[in-house]
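First up is the structure itself, then whatever we jot down about it.
The values are calculated or read from the model by the stated rules, or taken from the named source; none is laboratory data. Here the structure is a predicted model, which is why all the values come from computation and not from measurement. In this analysis, Cβ positions are derived from the backbone assuming ideal geometry, glycine residues included, and neighbour counts consider all displayed protein chains. SASA here: full protein model, heavy atoms, side chains in, ligands and nucleic acids out. Shrake-Rupley method; radii C 1.70, N 1.55, O 1.52, S 1.80 Å.
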Amino acid sequence: MSKTVILTGLRANGEFHLGNYLGAILPVVQLQKQHAGEYQVNMFVPDLHSIVTPVEHGTLYQQSIDNLKVFVAAGLDIANQDTYIYRQSRVPAHSELAWILDCFTYFGELNRMTQFKDKSAQLTDDKTQSESSISAGLFNYPVLMAADILLYGAEYIPVGEDQRQHIELTRDVAIRMNNRFGDMFVVPHEWSKQLEFTKLDKGVRIRSLRNPEKKMSKSVEDPAGTIMLSDLPEEAVKKVSSATTDSLGSINYDWGKQPGVTNLLQILALLRDVSQNEVNEQWKGKTNYGELKDAVAEAVKACLSEIQGKLSKVNDQEILVKLEEDEVKMNQIANQTLSDVQKKIGLRP
Ligand code: TYM
């Protein structure tokens, strides 16, 4: 019997930050460790998703390889037989299934996606693009993501909270097509089950250290609010030390009143791999914000030092060898699903 599939992807338009690591990379690495041999793990680079917004095309290819190296440095065991790494663009079935799904996804559904609204607003604000030059790719992004998931029958998709709507859309489209054509897709689990699987009470949304109302991201204007995995550990310590907090003078887990402090508590729990409740109880009511920052800084420093140390030992060649093998296998699986779908919707006899 085939194994349950855990799948996630991280775009290749730049280096990773702590939000990417805690939202998607670390959960997969932990699941792989906890359940070695039990699940199939697909960790891929959605390089076609990378080009929906302006990128450096000259470095895109190498960025994909570099990002795959970070997966390994972060602890992904690519020697594990049930673990696959691949680039989306090397498996053409992703694009073909996306087109089919596009024809069963409603314009209104895509128009409600908050990530599309946020990203297109950001591009127009940055003046990098006018409204009329926002790509159709950005609008269709969630459909390609649904294809990425449904081609492999993935049930668990560890992603940050910002991707929740896309997972829900994937489920809606899969259920709609299953109802119409008979069982054609494995439907990924609903969000609450996804959280349960990764032992979380709440989706991961790491905020900017400078502006905790905003998500930590590469595009946030203030780089001091974003910890990049490539930051020198000392540099990261400084960023944590100057994190925005509040003047209430008492530590409490409260996103509404104390988003800065709460963000630090969240980062600490995830990095230490202990429950949020445990960390909250340990710090509840304490008054010294400096101590909390020191604890977070130490955890961040240890994490970056470990990843960077390992990264210097991963080479392009081992990634390329594994990619070559895995992309052959992924094409087989994906083409099989695509061909079943084509039959069911009348494109093949
Ligand atoms: P991307 O590259 O924008 O983000 C990669 C992953 O990082 C998570 N993330 C965060 N998590 C917590 N806090 C943050 N501040 C933060 N910022 C980013 C994202 O939630 C994501 O998990 N659409 C996906 C890529 C994708 C994909 C897929 C994922 C394409 N196809 C299929 C899963 C399955 C994305 O957002 O990439």
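The P(r) of region 152-311 has a tail past 20 Å containing 58 percent of all C-alpha pairs.
Ordered from largest to smallest accessible area (heavy atoms of protein chains, 1.4 Å probe), the residues K301, K69 come out as K301, K69.
Centre-to-centre, using Cα atoms only, region 133-153 and region 283-307 are separated by 37 Å. Cross-link reach is defined here as a Cα-Cα straight distance under 13 Å, omitting same-chain residues fewer than 8 places apart; for K286 none of the aspartates and glutamates meet it.
In the chain, the C-alpha radius of gyration followed by the widest Cα-Cα span (Dmax) gives 20.5, 70 angstrom. Here is the list for region 1-62: trypsin sites (Lys or Arg not before Pro) lying in DSSP coil, each with at most 14 other C-beta atoms within 10 angstrom of its C-beta, are K3.
What the Kirkwood sum gives for region 83-168 is a hydrodynamic radius of 14.2 Å, with every pair of different alpha carbons counted. Applying 1/(1 + (r/R0)^6) with R0 = 51 Å to the Cβ-Cβ distance of V321 and S250 gives a FRET efficiency near 0.40.
Surface listing: L264, L271 arranged by accessible area from highest to lowest gives L271, L264, probe 1.4 Å. For the set I267, I175, the ranking by accessible area, highest first and with no ligand, DNA or RNA atoms included, is I175, I267 under a 1.4 Å probe. Taking label points 7 Å from Cα along the Cα-to-Cβ direction, Q308 and L347 give a separation of 4.7 nm. For the chain, the per residue solvent-accessible surface stands at 47 Å², with DNA, RNA and ligands left out and a 1.4 Å probe. In order along region 333-349, the phi-based Karplus estimate (6.51 cos²θ - 1.76 cosθ + 1.60, θ = phi - 60°) of 3J(HN,Hα) comes to 5, 5, 5, 5, 4, 4, 5, 4, 5, 4, 5, 5, 9, x, 8, 9, x Hz; Gly and Pro are listed as x.
Y84 contributes about 30 Å² of solvent-accessible surface, heavy atoms of the protein only, 1.4 Å probe. Surface composition of region 233-311: carbon and sulfur atoms hold 49% of the protein heavy-atom accessible area at a 1.4 Å probe.
Over 22 Å apart at the Cα level, from the set K119/K215; K3/K199; K69/K202; K215/K310, are K69/K202; K215/K310. Whole-percent P(r), region 233-311, all Cα pairs, 10 Å bins from 0: 19, 52, 25, 5, 0.
Using a probe of 1.4 Å, the accessible surface attributed to W255 totals some 50 Å² when neighbouring protein chains are kept in position.
Residues of region 294-322 with backbone nitrogen within less than 19 Å of a virtual label 7 Å along the Cα-to-Cβ line of Q62, please, listed as ranges. Residues 311-321 fall inside that zone.
Residue by residue, region 201-211 carries 3J(HN,Hα) couplings of 8, 8, x, 7, 9, 6, 9, 4, 5, 8, 10 Hz when phi is fed to the Karplus relation 6.51 cos²θ - 1.76 cosθ + 1.60 (θ = phi - 60°); x denotes Gly or Pro.
For K301, the aspartates and glutamates whose Cα comes closer than 13 Å to its Cα, not counting residues fewer than 8 places off in the same chain, are D231, E234, E235.
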